Amino acid sequence: MRPSRFALLVAVVLNVAAFAYYWPAAPDPLVSKFDASGTPDGYSSKAAFFALWAMLAALFPAIGVGFAMAKGSLKDESIGIPYKALWLAPEQREATLLAFSDMMLWLMSVISYFMTLGMVATLRANSRAHVMLDLSPLVYVSVLFIGVCGVMLPYFVHWSSPPTR
């Protein structure tokens, strides 16, 4: 299994596990919006919060998988990369589209991880006696963002020069 597909599968499994773990104990209604200092300033029903989570948890992987499945039907005009004529030449096309597919799967995986982290932080805040969002997960988000940049950078560097033959 390609690493990008495995990352997306892990994101889906983490979402399902977190959803199943937090659903039984979540209060109704729950604080679903916080200001910049972590103070509650918006509420939603338990059902609405988890429905949104389920929808997003399905949407992002579906976008990644859909893009990967449709990569062969992409029109050259819809692809914007330097040296497009060379990268999309018949001998390079499949490898280029596979790299695009991998990049999209990585991106959807990371978005899913960010979403899961946000949902779990919200639910953990609701489990405290004094509801307040713990901002320390922002450290994890920052590390994850740096990791994403590290994963995506080789793709951009790869396409910045013409392919070697």
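Read-outs throughout are calculated quantities, based only on the coordinates presented, and are distinct from any laboratory measurement. In this text, all values refer to a predicted model and were calculated from it rather than measured experimentally. Methodologically, a virtual Cβ is constructed for each residue, glycine included, from the backbone with ideal geometry; neighbour enumeration extends over all protein chains shown.
Tabulate in residue order the Karplus-calculated ³J(HN,Hα) for the range 102-107, using 6.51 cos²θ - 1.76 cosθ + 1.60 with θ = phi - 60°, rounded to whole Hz; enter x for Gly and Pro.
Per residue, the Karplus-derived 3J(HN,Hα) values read 4, 4, 5, 5, 4, 4 Hz.
Using θ = phi - 60° and the Karplus curve 6.51 cos²θ - 1.76 cosθ + 1.60, what whole-Hz ³J(HN,Hα) does each residue of the range 76-82 get, with Gly and Pro shown as x?
4, 5, 8, 10, x, 9, x
Using Cα pairs under 8 angstrom and six or more residues apart, how large is the relative contact order of the chain, in percent?
32
Helix 3-22 versus the longest principal axis of the chain: what is the Cα-based angle in degrees, 0 to 90, to the nearest 10?
Compared with the principal axis, the helix lies near 10 degrees.
Under a straight-distance cross-link criterion of Cα-Cα below 24 Å, which lysines are reachable from Lys84, leaving out those fewer than 8 residues away in the same chain?
Lys84 reaches Lys71, Lys75.
Per 10 Å bin, what percent of the C-alpha pairs of the chain does each bin hold, from zero upward?
Reading upward from the zero bin: 9, 31, 28, 17, 11, 3, 0.
Would you grab the residues whose amide H sits under 5 Å from the one on Ser32? Only those 5+ places off in sequence or on another chain, please, with H modelled 1.01 Å from N.
For Ser32, the qualifying residues are Gly42, Tyr43, Ser44.
At 7 Å along the Cα-to-beta-carbon direction for both Val10 and Glu94, put a label point, then send me their distance in nm to one decimal.
Each label point is offset 7 Å from its Cα along the Cβ direction, giving 2.9 nm.
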